[in-house]
Ligand SMILES: *[C@@H]1O[C@H](CO)[C@@H](O)[C@H](O)[C@H]1NC(C)=O
């Protein structure tokens, strides 16, 4: 009673309290903002993992060195969704891939080393990794994907002699025993190698999917797309070529397989997207790869596309400034066309007021979030509406080269979470939590 009387009788006090509160709030917001936008004060190379390894923090003497050392020990998190970084790359990271259970992530790096990191705890200070040095004289690895399970790695290399593909798998038991006797970890062994697979042309994408639908035989198939107009399908186990399709469109931008290994779709500097089906015969072998559908509606080139995880939809981003969602679960053998079920404007504009061109796009395993990149920027959109959920400008110091979601939620310090990984020419691989929905 007394309190109520006091506050109602002194509006001046109320005004003072509100003013003080607003002042405090402004102060806190300003402090937060200045922290968030504070540029990294140490030169970019100072936080590189190699420097950290060669300059232990305890050897620093003067305060300036000490603060630099502290920064190295606790590299600043630039964005609140950035959860960790995979250290050790000494050159541009050209490709990354998650194993099917998400517990392993493999990277291809221009330093000619393949690294397979174990992600047992996403919040860990550092990650153990298996290091696979490509034989001396090898070409630069440019793409990487897992074959069967987490034991087969398929690597694309590029050089003067064209594109090569090879597959490494766990060492045979004899080799593993021999390595153990010498006290060394057993190195994966090369199981097959193919040279110049795209007739001297470079590669724009390499993906893999297990054929798990109706007539599929469960084996993992690979799709490699050249910068020309051809896309080739291979078995991960043996490297046997299963078929070649020609897009008959200008030039491939990228091609990808549906998660169930049934459909192949390509973006190719044109507005229309063609879709092929991998058809298995009675003998469990790929019988043919006919073109079965075409997505028509964009007014300009499609820059990237991805399948949803149920393999029933395709999401496309185009130079016409729109993103479209297509239902491909139609009776295409009865000439029913895939339906565009959603169109939204690309929400981000460049300095001239035009929609930015998305370099790549990846749908989260729960299909709720679209991760997109352009240059060094990473952005998260709500799949349902196209609304921006969050943006990490300068997510990397140089262009992002690869964007992949872990297929399953992974353990973090605050429970299991979906994890997104990005790789960049800035020698880094970063792990991100999705924004809350
Ligand atoms: C980086 O990405 C931007 C935007 O996609 C592109 O215009 C630019 O050419 C790229 N730079 C390099 C060095 O690849």
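All of the numbers you see were taken from the coordinates with simple rules; none came from a lab. None of these values were measured; they are calculated from a predicted model. All Cβ positions, glycine included, derive from the backbone under ideal geometry; neighbour counts span all protein chains shown.
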Quiz prompt | Mean Cβ neighbour count within 10 Å, used as a protection proxy, ranking 421-432, 177-188 highest first | solution = 421-432, 177-188
Quiz prompt | Sequence ranges 101-109, 147-155, ranked by mean other-Cβ count within 10 angstrom, highest first | solution = 101-109, 147-155
Practice problem: Take every Cα-Cα distance within the stretch 103-171, group them into 5 Å bins from 0 onward, and report for each bin the whole-number percent of pairs it holds. | Solution: 4, 16, 27, 23, 15, 9, 4, 1, 0
Quiz prompt | Sorted peptide list for 348-356, 165-173, criterion being average Cβ within 10 angstrom, highest first | solution = 165-173, 348-356
Self-check item: Segment residue 244-residue 294, length gained on full extension (0.36 nm per residue, minus Cα span)
Solution: 16.2 nm
Quiz item: Expressed in nm to one decimal, what extension gain is obtained for the pair residue 125 and residue 190 from 0.36 nm per residue of sequence separation less their Cα-Cα distance?
Solution: 20.3 nm
Quiz prompt | Interatomic Cα distance distribution for the stretch 77-432, bins of 20 angstrom, percent | solution = 30, 60, 9, 0
